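Just below is one structure, and these are the notes that go with it.
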Amino acid sequence: MRFQRFIPALLWLTLSIFLLCLPGSRIPKYPWLATIHADKWIHIGLFGMLCILFALPVRSDSLTDQQKLRWLLVISFAGILYGILIEFVQKNWVLNRSFEIWDILADSLGCWLAYLYNRSKIMRRE
């Protein structure tokens with residue numbers, strides 16, 4: 001796997017760090033967004049796309065299917081650990097942000113959905 005193939009994933013990771021470390025006062029507040037739990041959907045999307053982008057080089061590599069599936073699990077667990085870590089960062093170092101277990105669950109769901117998507121691509125040999 002060549003480094004260049006990971007550039008989209010690394011750019012997405014950088015964007016997610018920037019967005020997740022914005023001070024709470026910089027995040028727009030609209031009551032209707034809270035009603036539809038938009039922040040949780042954003043977490044699912046951010047982490048799902050992150051895992052999909054990190055899996056693309058793995059999916060296109062010449063590894064065996066079993067090796068690819070193991071890498072997908074590693075990527076998913078790394079995404080979940082990143083989600084947990086970012087919650088502690090928000091709690092301890094980002095102004096007006098807090099630790100939310102529901103964010104961790106949304107992050108984990110995004111990683112799990114990405115795993116299922118990537119797994120289905122490997123099993124169909126795409």
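When E87 is tested against the conditions (1) open to solvent by 70 Å² or more (accessible area, probe 1.4 Å); (2) in contact (Cβ under 8 Å) with a residue 12 or more places away in the chain; (3) not polar (S, T, N, Q), the lone failure is (1). Restricting attention to the stretch 34-55, the residues that are of a type in the set (F, W, Y) and under 18 Å from A9 (Cβ atoms) total 2.
If you check R70, R125, which single one turns out to be open to solvent by 80 Å² or more (accessible area, probe 1.4 Å) and on the phi > 0 side of the Ramachandran plot? Spell out the reasoning first.
Values: R70 fails: on the phi > 0 side of the Ramachandran plot.
Exactly one residue qualifies, and that residue is R125.
Within the stretch 20-40, the set of residues being touching a residue at least 12 places away in the same chain (Cβ under 8 Å), surrounded by fewer than 14 Cβ atoms within 10 Å (Cβ to Cβ) and in a helix (DSSP H, G or I) comprises G24, S25.
Here W112 fulfils each of the conditions (1) without any contact (Cβ under 8 Å) to a residue 40 or more places away in the chain; (2) within 24 Å of I7 (Cβ to Cβ); (3) in contact with a Ser or Thr (Cβ under 9 Å, 6 or more places away or on another chain) apart from (2). Within the stretch 93-115, the set of residues being out of contact with any Gly (no Cβ under 6 Å at 6 or more places or on another chain) and not aromatic (F, W, Y) comprises V94, L95, S98, E100, I101, D103, L105, A106, S108, L109.
The values are calculated or read from the model by the stated rules, or taken from the named source; none is laboratory data. No experiment lies behind these values; they were computed from the predicted model shown. Cβ coordinates were reconstructed from backbone atoms using ideal geometry, including for glycine residues, and neighbour counts include every protein chain displayed. Side chains included, ligands, DNA and RNA excluded: accessible areas come from the protein's heavy atoms. Shrake-Rupley method; radii C 1.70, N 1.55, O 1.52, S 1.80 Å.
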